[in-house]
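The values are calculated or read from the model by the stated rules, or taken from the named source; none is laboratory data. Given the structure is predicted, the values throughout are model-derived calculations rather than measurements. Please note: Cβ atoms are built from the backbone with ideal geometry, for glycine as well, and neighbour counts cover all protein chains shown. Accessible surface areas use protein heavy atoms only, side chains included; no ligands, DNA or RNA. Shrake-Rupley method; radii C 1.70, N 1.55, O 1.52, S 1.80 Å.
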Amino acid sequence: MENIGTIRLETKRLNLRLLTPGDAQQMFDHWANDAKVTKYLNWKPYQTVKDVRNNLSEYQKNYIDVDYFFWGIEEKVSQQLIGTISASVADKTAKVAEVGYCIGQNWWCKGYTSEALEEVIAYLLEKNDFKRIEAIHDTDNTPSGKVMEKAGMSYEGTLRQRLVNNRGLVDGVYYAILKKDYISQKAQHQIYSFLNEANISYQLLEHKAVYTINEIDFDIPGISVKNLFLQGKDDFYLLILTEDKRAILKTIAQEVGERHLSFASEQKLSQLLHTTQGAVSPLGLLFDKEQKVQLIIDEQIPVRGKISFHPNRNDKTLIFDFKDFLTFLTKVNHPPKYINNRVEGK
């Protein structure tokens with residue numbers, strides 16, 4: 001995949017569009033000459049509309065570059081230009097983009113910036129060739145960090161005297177989101193929507209992030225299970241075992257007619273089930289439209305009790321009656337294969 005540069009984007013309340021010299025007056029009036037807006041930025045407030053117009057004329061030349069990403073943020077209702085959002089290629093080899101934004105004071109604290117940022121992140125990761133999106137803010141500018149968190153980015157650390165802006169040399173707070181985590185976050189919402197539209201009952205339990213069964217120090221109703229994503233010669237398998245079982249891959253391979261099984265790569269996990277290591281779940285079968293993954297269930301799992309799975313995020317658990325879980329499998333066209341207790345205990 002190659003980058004395709006700046007194109008018009010749209011959210012519920014905003015248009016993200018290419019800027020023109022004709023936007024100079026709105027840009028000057030709404031934020032570009034405001035010292036409070038530029039306090040945490042690395043450019044000084046503009047002194048004249050002419051200066052803004054000259055810069056916008058230069059921007060026009062850049063729009064033909066597939067690695068150039070710069071949008072005006074336009075409020076749909078008023079059709080007013082209220083800010084800008086941009087992305088630059090931070091590392092072409094590692095496929096990293098760095099995002100930045102600013103918005104006029106009259107539109108602060110309305111959720112507009114995070115709404116725009118969320119759309120830009122989706123565009124960069126889905127339509128362009130980026131694997132990581134990052135952003136940095138001044139330690140004193142905590143609202144900017146909240147914008148990043150709301151858009152799905154995660155705090156990664158604070159670097160001392162790393163950032164230069166209109167306050168001088170300051171500490172920089174880093175946030176980022178990886179493509180695989182973005183896919184997982186998006187999948188979570190799609191899972192909820194599917195379950196609700198299909199009238200499949202579940203109970204939501206929110207908790208700290210856990211990566212293995214051994215990390216669970218809170219109560220979950222029903223039997224505890226673990227999920228393993230495996231690969232054969234050409235096919236993939238999702239195995240559900242009771243937590244006290246260990247997977248004997250040679251035995252399981254015989255059960256499914258494979259000569260050899262191994263743990264599938266995280267790339268395949270993201271591609272087929274839209275999740276990550278530590279959050280493997282049969283709910284990800286929703287995204288396996290071509291039925292490349294065979295579901296295998298340990299037949300010793302009680303079919304009359306409750307069973308729980310992550311919704312492709314390991315800080316949440318969905319609890320189902322087993323019959324409702326089977327309804328889900330039917331609706332996503334993934335009938336399970338049951339294996340007997342030759343899968344040994346610990």
Reported set for region 110-135 where residues are open to solvent by 30 Å² or more (accessible area, probe 1.4 Å) and closer than 16 Å to THR84 by Cα is LYS110, GLU115, GLU118, GLU119
Taking only pairs six or more apart or across chains, which ones have beta-carbon atoms under 7 Å, a first residue in region 175-194 that is basic (Lys, Arg), and a second residue that is in a helix (DSSP H, G or I) and open to solvent by less than 30 Å² (accessible area, probe 1.4 Å)?
LYS179/LEU125; LYS180/SER270
So which of ASP288, ASP298, ASP315 is farther than 25 Å from TYR182 by Cα and touching a residue at least 12 places away in the same chain (Cβ under 8 Å)?
ASP298
Filter region 123-150 down to the residues that are out of contact with any helix residue (DSSP H, G or I) (no Cβ under 6 Å at 6 or more places or on another chain) and either under 17 Å from THR38 (Cβ atoms) or assigned to a loop (DSSP other than H, G, I, E, B) (or both) and list them by number.
LYS127, ASN128, ASP129, ILE136, ASP138, THR139, ASP140, ASN141, PRO143, SER144
Restricting region 72-91 to residues that are closer than 18 Å to LEU124 by Cβ and among the aliphatic types (A, V, I, L, M), which is surrounded by the most Cβ atoms within 10 Å (Cβ to Cβ)?
ILE73
So, in region 237-252, exactly how many residues are touching a Lys or Arg at 6+ places or on another chain (Cβ under 8 Å) and buried (at least 18 other Cβ atoms within 10 Å of the Cβ)?
3
Counting just the residues of region 303-318 that are part of a strand (DSSP E or B) and open to solvent by 10 Å² or more (accessible area, probe 1.4 Å), which one comes out modelled with the lowest pLDDT?
LYS316
Out of curiosity, is LYS110 more than 25 Å from GLN271 (Cβ to Cβ) and modelled with pLDDT of 95 or more?
yes
List the residue pairs whose Cβ atoms are under 8 Å apart, where the first residue sits in region 239-263 and is in contact (Cβ under 8 Å) with a residue 24 or more places away in the chain and outside any loop (DSSP other than H, G, I, E, B), the second is open to solvent by 30 Å² or more (accessible area, probe 1.4 Å) and among the hydroxyl-bearing types (Ser, Thr, Tyr), and the two are 6 or more positions apart or on different chains.
THR242/SER224
Selected residue (only one of LYS292, LYS306, LYS268 is more than 25 Å from the chain's Cα centre (by Cα) and over 21 Å from SER193 (Cβ atoms))
LYS306
If I go through region 218-239 residue by residue, how many of them are among the basic types (Lys, Arg) and either modelled with pLDDT under 90 or within 27 Å of the chain's Cα centre (by Cα) (or both)?
1
Of the numbered conditions (1) without any contact (Cβ under 8 Å) to a residue 24 or more places away in the chain; (2) farther than 30 Å from ASP315 by Cβ; (3) of a type in the set (Lys, Arg), LYS110 satisfies every one except a single condition; which is it?
(2)
Residue list for region 114-165, restricted to those being within 15 Å of the chain's Cα centre (by Cα) and of a type in the set (Ser, Thr, Tyr)
SER114, TYR123, SER154, TYR155
So for region 30-37 (the condition being farther than 15 Å from VAL120 by Cβ, more than 28 Å from the chain's Cα centre (by Cα) and open to solvent by 70 Å² or more (accessible area, probe 1.4 Å)), does at least one residue qualify?
yes
Read through the list (1) open to solvent by 70 Å² or more (accessible area, probe 1.4 Å); (2) more than 24 Å from PRO143 (Cβ to Cβ); (3) within 21 Å of the chain's Cα centre (by Cα), then give the number of the only condition that GLY5 fails.
(1)
Residue count, region 38-54 (criterion: outside any loop (DSSP other than H, G, I, E, B), of a type outside the set (D, E, K, R) and surrounded by fewer than 16 Cβ atoms within 10 Å (Cβ to Cβ)):
1
Those residues that are in a helix (DSSP H, G or I) and open to solvent by less than 10 Å² (accessible area, probe 1.4 Å), I need them from region 264-284; list them, please.
LEU269, LEU273, PRO282, LEU283, GLY284
Considering residues of region 176-208 that are open to solvent by 70 Å² or more (accessible area, probe 1.4 Å) and of a type in the set (Lys, Arg) only, the residue farthest from LYS268 (Cα to Cα):
LYS208
Contact list please: Cβ distance under 7 Å, first residue in region 91-105 and at pLDDT 95 or above, second residue among the polar types (S, T, N, Q) and not in a strand (DSSP E or B), pairs at least six apart or on different chains.
TYR101/THR113; ILE103/THR113
